[in-house]
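The next block holds one structure in the form of structure tokens; read it before the comments.
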């Protein structure tokens, strides 16, 4: 359902909801390594690589070998990627507002706290 709503509301054809965590993280800190990007987005490196290939093909990111360590690849948003971010954020806010209509801030805080706790439990178990 979220995927269908995302597709219906977000008017950037090259972007899908699997790309969004990576674009969001690059917006926070551009030029980080692929591995750091995967860690920040809480995705496995192969998932990150697949998403980056799609984003690179659509000219929203570029991957550049690190000057000090050629094994490391840094990822940067292109101008198109930055423009897309500015355009998509208001559309995502509309989706958020739709999903949380009638839900109190206290309930949302409780939900987020429980989800974080569950994620941490699973992360500890997977080590």
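Residues that are at pLDDT 90 or above and more than 19 Å from the chain's Cα centre (by Cα): does the stretch 21-42 have at least one? No - not one qualifying residue is present in the stretch 21-42. The number of residues in the stretch 71-90 that are farther than 27 Å from residue 39 by Cβ and in contact with a helix residue (DSSP H, G or I) (Cβ under 9 Å, 6 or more places away or on another chain) comes to 0. Taken over the stretch 47-57, the residue count meeting the criterion of being touching a helix residue (DSSP H, G or I) at 6+ places or on another chain (Cβ under 9 Å) and over 18 Å from residue 89 (Cβ atoms) is 5.
The values are calculated or read from the model by the stated rules, or taken from the named source; none is laboratory data. Quantities reported herein were computed from a predicted structural model and do not represent experimental measurements. We place every Cβ from the backbone using ideal geometry, glycine too, and count neighbours over all the protein chains shown.
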